1. Which residue out of ILE41, ILE4, ILE52 is among the hydrophobic types (A, V, I, L, M, F, W, C) and in contact with a Leu (Cβ under 6 Å, 6 or more places away or on another chain)?
2. When the residues of region 1-44 are filtered to those that are of a type in the set (A, V, I, L, M) and outside any strand (DSSP E or B), which remaining residue is farthest from the chain's Cα centre (by Cα)?
3. Out of ILE61, ILE47, ILE52, which single residue is modelled with pLDDT under 95 and within 11 Å of the chain's Cα centre (by Cα)?
4. Restricted to region 1-47, and to residues that are in contact (Cβ under 8 Å) with a residue 60 or more places away in the chain and exposed (fewer than 12 other Cβ atoms within 10 Å of the Cβ), which residue is farthest from TYR65 (Cα to Cα)?
5. List every residue pair whose Cβ atoms sit under 9 Å apart, with the two residues 6 or more apart in sequence or on different chains, where the first one lies in region 71-89 and is in contact (Cβ under 8 Å) with a residue 60 or more places away in the chain and surrounded by 18 or more Cβ atoms within 10 Å (Cβ to Cβ) and the second, anywhere, is polar (S, T, N, Q) and outside any helix (DSSP H, G or I).
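The values are calculated or read from the model by the stated rules, or taken from the named source; none is laboratory data. Just so we're clear, the structure is a prediction, and the values are computed from it rather than from any experiment. With ideal geometry, Cβ positions are generated from the backbone for all residues, glycine too; neighbour counts draw on all protein chains shown.
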Amino acid sequence: MGCIDELEYEIMLSNCSFRECAEFIKNNFKEIYYVNPGHKIFDTYLIGVPPIPIAVDGDKIIMPYVKPCHGSFVLRLPGGNEIEALRKK
């Protein structure tokens, strides 16, 4: 399994619930894709309450991320090949 900490990311929202993360994404971005828990992105499996919103903003991916023992975050990461994979689903 991959580690988000190994990627270059920006924390857009922290110290909040998963629901607040999901609402932030839905209310602030136009291009949104919904995935189920266990979806693999950046070589990491997502956990959270379905459906999990993932936004594409230019060449960035914005997604909720639950780090056990640390809480929920909204992260902005360089999208790379993951953007096309989301669009194809």
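1. Working: ILE41 fails: in contact with a Leu (Cβ under 6 Å, 6 or more places away or on another chain); ILE4 fails: in contact with a Leu (Cβ under 6 Å, 6 or more places away or on another chain).
Exactly one residue qualifies, and that residue is ILE52.
2. The selected residue is MET1.
3. Only one candidate qualifies: ILE47.
4. GLU8
5. Between residues of region 71-89 that are in contact (Cβ under 8 Å) with a residue 60 or more places away in the chain and surrounded by 18 or more Cβ atoms within 10 Å (Cβ to Cβ) and residues that are polar (S, T, N, Q) and outside any helix (DSSP H, G or I), the close pairs are PHE73/SER14; PHE73/ASN15; VAL74/SER14.
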